[in-house]
Amino acid sequence: MFSLRTKILAVAAALVLLSQIGTVSIVLISANKDVSQRASRSLQTGMEVLRTAALTRATDFENTVRALASDYGFKQAIGTGDAPTATSALANHLQRAGADLAILVDRDRQLRAKTTSSDASFTPGEDLLASDFFITPGRRSLVVDGAVYETFTVPVRAPLPIAWMTMGFRLTDSYAQQLKDLTNLDVTILAYDASEHLVMASSMGREFHASLESAGDLSLLGQG
């Protein structure tokens with residue numbers, strides 16, 4: 001039979017143990033909460049940097065496209081119907097803008113000139129030319145042949161619009177890696193519509209593309 005002293009010590013030890021367990025639990029909960037808050041703040045900061053970087057690049061690109069569209073020699077070649085000169089000027093503009101594709105259409109929505117970088121191959125189909133895509137000024141995305149481009153369309157004026165020029169740069173793994181270097185967050189770019197979701201670029205490499213797409217429904221990643 002246990003002595004009274006032994007029982008008292010046992011009760012005291014149990015109380016101390018319970019107290020320590022409670023203290024450790026509080027510390028762990030507090031630590032987990034702190035880690036979660038730090039991660040959330042880091043993610044929010046990274047997202048803001050990401051938005052700013054993407055917006056800055058898009059704005060710089062838009063300004064360049066606008067400046068190139070106002071080039072006098074370019075407008076003169078278009079106005080006089082000098083197709084070789086217009087095509088050559090468009091190719092020069094492509095290089096100066098650091099773009100991957102450049103499209104020139106006239107007021108009748110006819111393709112007048114086209115040029116692409118060595119990493120791109122694109123010819124707009126009749127359905128796309130017949131749409132308002134290449135004659136609506138502004139920024140939009142174009143998905144074609146498994147690639148996505150951020151494009152910007154501006155009118156070529158003399159002084160009224162005589163044509164529309166569209167330039168775009170391709171969103172690649174390299175671009176996603178550049179964003180990661182700025183934010184310290186992995187970046188994945190999705191192209192999606194009502195029926196299909198595709199990984200177009202990722203800082204996590206080509207193998208990640210296939211693994212993510214094979215995971216099934218990517219629609220949740222496209223929300224927000």
Quote to one decimal, in nm, the extra length available between Val143 and Arg107 on full extension: 0.36 nm per residue of separation minus the C-alpha distance between them. 10.6 nm
Amide H to amide H under 5 Å from Val156: which residues, 5+ apart in sequence or cross-chain, H placed 1.01 Å off N in plane? Ile162, Ala163, Trp164, Met165
Once amide H atoms are placed 1.01 Å from N in the peptide plane, what residues at a sequence separation of 5 or more from Asp71, or on another chain, have their amide H within under 5 Å of its amide H? none
For region 149-155, in order, what is each residue's ³J(HN,Hα) by Karplus, 6.51 cos²θ - 1.76 cosθ + 1.60 with θ = phi - 60°, in whole Hz (x at glycine and Pro)? 10, 8, 10, 9, 10, 9, x
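All of the numbers you see were taken from the coordinates with simple rules; none came from a lab. All values reported here derive from a predicted model rather than from experimental measurement.
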